[in-house]
Amino acid sequence: MSVALPLVQLTRSGITTEANAPIPLPGTPTRKPAWLKVKAPGGANYLRLKSLMRELNLHTVCEEARCPNIGECWEHQAATFMILGDVCTRNCAYCAVSHGTPTAFDPLEPVRLAEAVAQMGLAHVVITSVDRDDLPNGGAEAFAGCITEIRRRTPATSVEVLIPDFKGSDAALQIVMDGAPDILNHNLETVERLYRLARPGGRYDRALRLLANARRMTPDGLTKSGIILGMGEEWDEVLVAMRDLRRSDVNILTLGQYLRPSDSHLPVSRFYAPDEFAELRAAGVSMGFDHVEASPLTRSSYHAWEQVDKAKATRTR
């Protein structure tokens, strides 16, 4: 998008001069606040899990999305596996995962993943994927296969799937739901106004419809969604998005701070303070969510091993 200034262009990553030197957009924060600083990973469990992932040729969104919680989660022996490769067919403006032409579908990946879950002794596992718009059902069969293989080896492990939108295909969603995941997660990510900019391959109404259909397919199941803050949304827009998720009967909501992966991604519009996240959490609870996880460092699978029990406890009150 050009502006009326000679030899200067305004892009989603900031202002670019003729010499291609990036200049931060006016009002864009340039330093992270203290509450976003975390310890560098490197504990014994972290190193063991990293070695295991490489040995079994598995990917994690913890690494691919450069999650700030990787050290804490891996020390708790919790990881979010990313299936269907590490190259996405979409190019979301906030996401660190590579985009382009993906590798061929590997039918043995569910077996390798289930072996990793068994070796790690996980009580709860989260499985997500890149978008695979090149596959007939968007890779839905791979999610179902992972659930089946995990249940075969470690039936006590609860399984959460964080799925793409499958381009709105009910048939693809049904394939996943037939696998009976303990939690069906699809992230809304941002407010409706910013979808075309931040998530051009997605549709706001399509995401809400997928979540509502998941509840319709398994009325007793748990559904979950997340929003990342700091990409230019207004406070009232966040509350509208939260209400829209409740109208889709979502049980669990996560709210966290957007962190810019690189200069080529959307800039951070602002950093939300911890007390603002606490206020949004209280608003979510009053809207009727069974559990709301909200903090600057919250990510979709952050403390996922606790969210299941908390949501179930709320539903049985």
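The values are calculated or read from the model by the stated rules, or taken from the named source; none is laboratory data. Note that the structure is predicted; figures quoted are calculated from it, not measured. Cβ atoms come from the backbone with ideal geometry, glycine included; neighbour counts cover every protein chain shown.
Summary of computed values
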quantity	calculated
Test result for Arg246, touching a Gly at 6+ places or on another chain (Cβ under 6 Å) and over 18 Å from Ala198 (Cα atoms)	yes
Residues of the range 130-148 satisfying the condition of being part of a helix (DSSP H, G or I) and in contact with a Leu (Cβ under 6 Å, 6 or more places away or on another chain)	Ala142, Cys146
Residue that is modelled with pLDDT of 95 or more, among the acidic types (Asp, Glu) and out of contact with any Phe, Trp or Tyr (no Cβ under 9 Å at 6 or more places or on another chain), where the choices are Asp309, Asp236, Asp244, Asp263	Asp236
Answer from Leu173, Leu239 - the residue that is of a type outside the set (Gly, Ala, Ser) and crowded, with 23+ Cβ neighbours inside 10 Å	Leu173
Meets criteria (in a loop (DSSP other than H, G, I, E, B), at pLDDT 95 or above and surrounded by fewer than 23 Cβ atoms within 10 Å (Cβ to Cβ)) for Asn187	yes
Answer residue from the range 208-227, given it is in a helix (DSSP H, G or I) and either crowded, with 23+ Cβ neighbours inside 10 Å or in contact with a strand residue (DSSP E or B) (Cβ under 7 Å, 6 or more places away or on another chain) (or both) and is modelled with the lowest pLDDT among those	Arg215
Hey, Phe105 more than 21 Å from the chain's Cα centre (by Cα) and aromatic (Phe, Trp, Tyr) or not	yes
Boolean, Ile127 is part of a helix (DSSP H, G or I), at pLDDT 85 or above and under 20 Å from the mean Cα position of the chain (by Cα)	no
Members of the range 149-181 found to be touching an Asp or Glu at 6+ places or on another chain (Cβ under 7 Å), modelled with pLDDT under 95 and in a loop (DSSP other than H, G, I, E, B), listed by number	none
Members of the range 190-207 that are free of Cβ contacts under 8 Å to residues at least 12 places away in the same chain and closer than 14 Å to Leu229 by Cα	Tyr195
Close pairs from the range 227-254: first touching a residue at least 24 places away in the same chain (Cβ under 8 Å), partner basic (Lys, Arg) and part of a loop (DSSP other than H, G, I, E, B), Cβ under 8 Å, at least 6 apart	Gly230/Arg270; Thr254/Arg299
Qualifying positions in the range 268-278 - in a helix (DSSP H, G or I) and either aliphatic (A, V, I, L, M) or surrounded by 13 or more Cβ atoms within 10 Å (Cβ to Cβ) (or both)	Pro274, Glu276, Phe277, Ala278
